[in-house]
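Enquirer: Let me begin by handing over the structure; questions about it come next.
The values are calculated or read from the model by the stated rules, or taken from the named source; none is laboratory data. Treat the numbers as computed from the prediction; the structure is a model and nothing was measured. A quick note on method: Cβ atoms are made from the backbone with ideal geometry, for glycine too, and the neighbour counts reach across all protein chains shown. Accessible surface is based on the protein model in full, side chains and every heavy atom, while ligands, DNA and RNA are left aside. Shrake-Rupley method; radii C 1.70, N 1.55, O 1.52, S 1.80 Å.
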Amino acid sequence: MKKACVIGWPIKHSRSPLIHNYWLDKYGLAGGYEKRAVEPGDLGDFLQNLAGNGYVGCNVTVPHKEGAFALADVTHDEAKAVGAANTLWLDEDGRLHADNTDIYGFMNHLTESAPHWQRPDRPVVVLGAGGAARGIVYGLLKSGVGELRLLNRTRQKAEELAAQLKGTGGAIHVPEWQDRDMALKDAGLLVNATSLGMDGSPPLELSLDALPDDAVVADIVYAPLETDLLAAARAKGCRTVDGLGMLLHQAVPGFERWFGVRPEVSDELRALIVADLTG
Ligand SMILES: NC(=O)c1ccc[n+]([C@@H]2O[C@H](COP(=O)([O-])OP(=O)(O)OC[C@H]3O[C@@H](n4cnc5c(N)ncnc54)[C@H](OP(=O)(O)O)[C@@H]3O)[C@@H](O)[C@H]2O)c1
C-alpha cells in the first residue's frame with residue numbers, strides 16, 4: 001500500500017490529508033496520507049528515511065519549503081524558479097525529487113475561474129513578495145503578462161524579486177506600498193498574495209475605486225473563504241477568484257505522482273473542505 005504525508009511544524013492546521021484521503025477513497029485506491037510533525041532540526045533525517053518510513057513522497061509546508069528544496073537530489077523547474085518545494089517524491093532509484101505545485105495551483109484555478117483574466121495592454125497588480133508571491137509572480141510572467149506591478153510593504157523584497165525574475169516575461173514595476181490604491185488604475189487583474197485579511201492577521205486596507213469594474217480580483221488567503229477584498233470586488237461587479245481553489249489544485253500533481261491517478265477538483269471536494277474550514 002502506497003503512503004504519502006504532509007510535513008510541517010506545526011502541522012495540525014493542514015487540510016491536505018482531507019483532500020488526498022478523499023481522492024484515495026473516491027478512486028478506490030489502497031493508499032494512505034497522513035500528517036507528520038517534523039521539527040526544523042529533523043528535516044534532513046526525515047527526508048533521508050522517507051522510504052524507510054513507508055512513504056513514496058510528501059507535501060511540504062512552512063517552515064520546510066526552502067529546506068526540502070535544498071535537500072532534494074533532483075529539483076524541477078518551478079521549484080528552482082522560487083527556491084522552494086512543496087511536493088516531493090522518490091523515483092525508482094531512490095532519488096528524491098522536488099517540485100513546486102503552488103504555481104500550477106494558482107494559475108490553473110485562475111484560468112478555470114476567470115478564463116478571460118489575461119488581456120493585452122492591461123497591467124497585473126500583485127500585492128506581496130513573500131514565499132507564495134514569488135511563485136505567483138513567476139507563473140504570471142511565464143504565462144505572458146506584459147506589465148506587472150509588484151507592491152510589498154518591505155519594498156526591498158519586491159525589488160529583489162523583480163531583479164531575480166527579470167527576463168522571465170514582461171516588465172515588472174515596483175511602486176511604493178502606500179501608493180497601492182492608485183496602482184490599480186487600468187489593471188486587468190489584482191492578486192492579494194500577502195497574509196493581510198487572513199483570520200488573525202490585520203486587514204488589507206485597499207480602495208478599489210481606481211480598479212476597472214471588469215478586472216479580475218484574486219485572493220490567495222482562504223480563511224476566511226470570502227475575504228473583505230473579495231467581498232468588495234464582488235460588490236463592484238469584478239469577477240473574483242478565491243484562495244481555496246489554489247489549495248485544491250496544487251494537490252493534483254502530487255497525488256498523480258504518488259498514486260498514479262490524475263484526480264479531479266470537484267464541487268464535492270470543495271464542499272468537504274469548506275465544511276471543515278467553516279465548521
Ligand atoms: N491558497 C493557497 O493555496 C495558499 C498557498 C500558500 C500561501 N497561502 C496564503 O498566502 C499568504 C501568504 O503566505 P506566504 O507563505 O507568502 O507568507 P510570507 O512568506 O510570510 O509572506 C507574507 C507577505 O505578507 C506581507 N505582510 C504581512 N503582514 C503585513 C502587514 N501587516 N502589512 C503589509 N504586508 C504584510 C509580507 O510583507 P513583508 O515582506 O513586508 O513582510 C509578505 O509580502 C498566507 O495567508 C497563506 O496562508 C495560500
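Enquirer: If a residue has to be crowded, with 21+ Cβ neighbours inside 10 Å and away from the ligand (no atom under 15 Å from the Cβ) to count, how many in segment 191-222 make the cut?
Expert: 3
Enquirer: If you check ALA51, ALA72, ALA37, ALA68, which single one turns out to be aliphatic (A, V, I, L, M), at pLDDT 95 or above, over 30 Å from ASP267 (Cβ atoms) and in contact with a His (Cβ under 8 Å, 6 or more places away or on another chain)?
Expert: The match here is ALA72.
Enquirer: While we're looking at this one, here's another question. Quick one: LEU165 ticks every box in (1) modelled with pLDDT of 95 or more; (2) over 26 Å from PRO203 (Cβ atoms); (3) among the hydrophobic types (A, V, I, L, M, F, W, C); (4) surrounded by fewer than 23 Cβ atoms within 10 Å (Cβ to Cβ) bar one, so which box is it?
Expert: It is condition (1) that LEU165 fails.
Enquirer: May I pose another question? Just wondering, is there one or more residues in segment 82-90 that are in contact (Cβ under 8 Å) with a residue 40 or more places away in the chain, in the same structural domain as LEU230 (by TED's automatic domain parsing) and in contact with a helix residue (DSSP H, G or I) (Cβ under 9 Å, 6 or more places away or on another chain)?
Expert: No.
Listed here are the residues, each with its yes/no results for (1) among the polar types (S, T, N, Q); (2) within 12 Å of the ligand (Cβ to nearest atom); (3) part of a helix (DSSP H, G or I); (4) farther than 22 Å from ALA79 by Cα.
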| site | (1), (2), (3), (4) |
| --- | --- |
| LEU140 | no, no, yes, no |
| VAL145 | no, no, no, no |
| ARG149 | no, no, no, yes |
| GLU160 | no, yes, yes, no |
| GLY169 | no, no, no, no |
| ILE172 | no, no, no, no |
| ASP179 | no, no, yes, yes |
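Quick grid of which residues meet (1) closer than 14 Å to ILE103 by Cα; (2) without any contact (Cβ under 8 Å) to a residue 60 or more places away in the chain; (3) assigned by TED's automatic domain parsing to the domain that holds ASP77; (4) surrounded by 15 or more Cβ atoms within 10 Å (Cβ to Cβ):
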| site | (1), (2), (3), (4) |
| --- | --- |
| ALA132 | yes, no, no, yes |
| THR154 | no, yes, no, no |
| ALA158 | no, yes, no, yes |
| GLY169 | no, yes, no, yes |
| ILE172 | no, yes, no, yes |
| GLN178 | no, yes, no, no |
| ASP181 | no, yes, no, no |
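Enquirer: Give the residue that is farthest from the ligand (Cβ to nearest atom), with candidates limited to residues of segment 260-279 that are open to solvent by less than 20 Å² (accessible area, probe 1.4 Å) and in a helix (DSSP H, G or I).
Expert: LEU269
Enquirer: Testing SER113 on (1) open to solvent by 50 Å² or more (accessible area, probe 1.4 Å); (2) at pLDDT 95 or above; (3) not aliphatic (A, V, I, L, M), one condition comes back false. Which one is that?
Expert: Here SER113 clears every test but (1).
Enquirer: Keeping to segment 204-227, report how many residues are under 20 Å from ILE136 (Cβ atoms), out of contact with any Leu (no Cβ under 7 Å at 6 or more places or on another chain) and acidic (Asp, Glu).
Expert: Residues meeting the conditions: 1.
Enquirer: Further question: From the set of residues in segment 96-128 that are among the hydrophobic types (A, V, I, L, M, F, W, C) and without any contact (Cβ under 8 Å) to a residue 60 or more places away in the chain, which is farthest from ASN49 (Cα to Cα)?
Expert: MET107
Enquirer: Also, I was wondering about something else. Of all residues in segment 116-129 being open to solvent by less than 30 Å² (accessible area, probe 1.4 Å) and not in a strand (DSSP E or B), which is farthest from the ligand (Cβ to nearest atom)?
Expert: My answer is PRO123.
Enquirer: Among the numbered criteria (1) open to solvent by less than 40 Å² (accessible area, probe 1.4 Å); (2) under 30 Å from ARG262 (Cβ atoms); (3) of a type outside the set (Ser, Thr, Tyr), which single criterion is violated by GLY144?
Expert: Only one criterion in (1) open to solvent by less than 40 Å² (accessible area, probe 1.4 Å); (2) under 30 Å from ARG262 (Cβ atoms); (3) of a type outside the set (Ser, Thr, Tyr) is unmet by GLY144, namely (1).
Enquirer: Read through the list (1) charged (D, E, K, R); (2) over 18 Å from the mean Cα position of the chain (by Cα); (3) not in a loop (DSSP other than H, G, I, E, B), then give the number of the only condition that ARG134 fails.
Expert: It fails just one condition, (2).
Enquirer: Scan segment 226-235 residue by residue and report those that are buried (at least 16 other Cβ atoms within 10 Å of the Cβ) and not acidic (Asp, Glu).
Expert: Listed by number, the residues that qualify are THR227, LEU229, LEU230, ALA232, ALA233.
Enquirer: Could you go through segment 250-259 and let me know if any residue there is closer than 14 Å to SER113 by Cα and either assigned to a helix (DSSP H, G or I) or within 15 Å of the ligand (Cβ to nearest atom) (or both).
Expert: Of all residues in segment 250-259, those closer than 14 Å to SER113 by Cα come to none.
Within segment 250-259, not a single residue is closer than 14 Å to SER113 by Cα and either assigned to a helix (DSSP H, G or I) or within 15 Å of the ligand (Cβ to nearest atom) (or both).
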